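Note sheet for the following structure.
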Amino acid sequence: MTATDRPPYDAIVLAGGAARRLGGADKPAVRVGGRPLLDRVLAACAGARRTVVVAAPRPTSRPVHWTREEPPGGGPVAALDAGLRHITADRVVVLSADLPFLEEATVERLLAALHTTAADGALLTDADGRDQPLVAAYRTTALRHTLAALAGDGGNGLTGLPLRRLTAALNLTRVPDPLASFDCDTWDDIADARARIREHGHVLDEWISAVKDELGIDLDVDIRLLLDLARDAAHGVDRPAAPLTTFLVGYAAAQGKGGPEAVAEAAHKAAALALRWAEEADAAADGAATDGPGPGNPAPGPGR
């Protein structure tokens, strides 16, 4: 079953922690790969029907619903309960806001694992095999029942309860993923994430995603096609022609249909033009353009 065949899901992102190990810094706003950590997580759960962020409102890369636990700072279980009050889907993805390497494909893996079992939830495990309950997909009904039972167990409700109290009461399946489960609790973690962005083999994808977020566009294009165009323009015309040509291709696509097909069509036209320039340059270098018949220089006819 593909992602489009599965029932819809909602998402809860917990972004209101105190970040004590970061000296109280605004952790969701800390940038990794040029993007705030919160925006990176929001991109990973972009397929959610509704996304609820439990934190004080702030600018984000896409629209979300905001809420807070009462009192603020009541801990992750209380925050999860506050977010769950705004969820209507049968499945909910629960995420912390400090996951620099989380991708939409990982969220889909969690949902698929939940769909194919009778478990109450599917969560990631980290490199040491530890459960990560804030990188997980849950059945909404199971979460509500468990939270209600926990709230009735003590005099303080859910405030201050550790997440292990919640997960201990649920039937969970586990999905190992050391990279996607990597979270940023300290400045050393932030430095490590910033370094790994350039080392894990996807720096170009990271850069394109960051640029699209910064410009507010959602467009999937054939990166290899554009790189080939830039190469052809640089070799067939002049090196500065590469960025200028790709800019003009993007502008032409925006003036037309504006989708990936328009980009591809404009790129093919520009690439063909660059190849024609290269052919003329090669002919000129061989002396054909000036010393004998060739492209653009036909043989003289009678009387000439």
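The values are calculated or read from the model by the stated rules, or taken from the named source; none is laboratory data. If you're wondering where the values come from, they're calculated on a predicted model, not measured in any experiment. All Cβ positions, even for glycine, are placed from backbone atoms using ideal geometry, and neighbour counts span all protein chains on display. Surface areas here come from the heavy atoms of the whole protein model, side chains and all, with no ligands, DNA or RNA. Shrake-Rupley method; radii C 1.70, N 1.55, O 1.52, S 1.80 Å.
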Task: Verdict on Ile190 being at pLDDT 90 or above, surrounded by 12 or more Cβ atoms within 10 Å (Cβ to Cβ) and either of a type in the set (Ser, Thr, Tyr) or not in a loop (DSSP other than H, G, I, E, B) (or both) - done: yes
Open item on the list: For region 221-233, which positions are part of a helix (DSSP H, G or I) and either out of contact with any Pro (no Cβ under 8 Å at 6 or more places or on another chain) or open to solvent by 50 Å² or more (accessible area, probe 1.4 Å) (or both)?
Closed with: Ile223, Arg224, Leu225, Leu226, Leu227, Asp228, Leu229, Arg231, Asp232, Ala233
- [ ] List the helices (runs of 4 or more DSSP H) that sit entirely inside region 91-181 and contain at least 3 residues that are over 23 Å from Gly16 (Cβ atoms) and touching a strand residue (DSSP E or B) at 6+ places or on another chain (Cβ under 9 Å).
- [x] 104-115
TODO: Kindly indicate whether Thr146 is of a type in the set (Val, Ile, Thr) and open to solvent by 20 Å² or more (accessible area, probe 1.4 Å).
DONE: no
Task: Residues satisfying the stated conditions in region 107-123, i.e. surrounded by fewer than 22 Cβ atoms within 10 Å (Cβ to Cβ) and under 16 Å from the mean Cα position of the chain (by Cα) - done: Glu108, Arg109
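Sort out for me the strands (runs of 3 or more DSSP E) sitting completely within region 1-89 that have 3 or more residues that are in contact with a helix residue (DSSP H, G or I) (Cβ under 9 Å, 6 or more places away or on another chain) and surrounded by fewer than 18 Cβ atoms within 10 Å (Cβ to Cβ). Break it down stepwise before answering.
Numbers: elements: 9-14, 51-54, 65-67.
Of the strands (runs of 3 or more DSSP E) lying wholly inside region 1-89, none has at least 3 residues that are in contact with a helix residue (DSSP H, G or I) (Cβ under 9 Å, 6 or more places away or on another chain) and surrounded by fewer than 18 Cβ atoms within 10 Å (Cβ to Cβ).
Is it true that some residue in region 89-104 is under 20 Å from Pro7 (Cβ atoms) and within 12 Å of the chain's Cα centre (by Cα)?
Residues of region 89-104 that are under 20 Å from Pro7 (Cβ atoms), as a first pass: 89-95, 104.
Next cut, within 12 Å of the chain's Cα centre (by Cα) only: 104.
The answer is yes; a qualifying residue exists.
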- [ ] Just give me the residues in region 243-258 being in a helix (DSSP H, G or I) and surrounded by 12 or more Cβ atoms within 10 Å (Cβ to Cβ), in sequence order.
- [x] Pro243, Leu244, Thr245, Thr246, Leu248, Val249, Gly250, Ala252, Ala253, Ala254
- [ ] Evaluate the following for Ala127: is it under 24 Å from the mean Cα position of the chain (by Cα), open to solvent by less than 10 Å² (accessible area, probe 1.4 Å) and without any contact (Cβ under 8 Å) to a residue 60 or more places away in the chain?
- [x] no
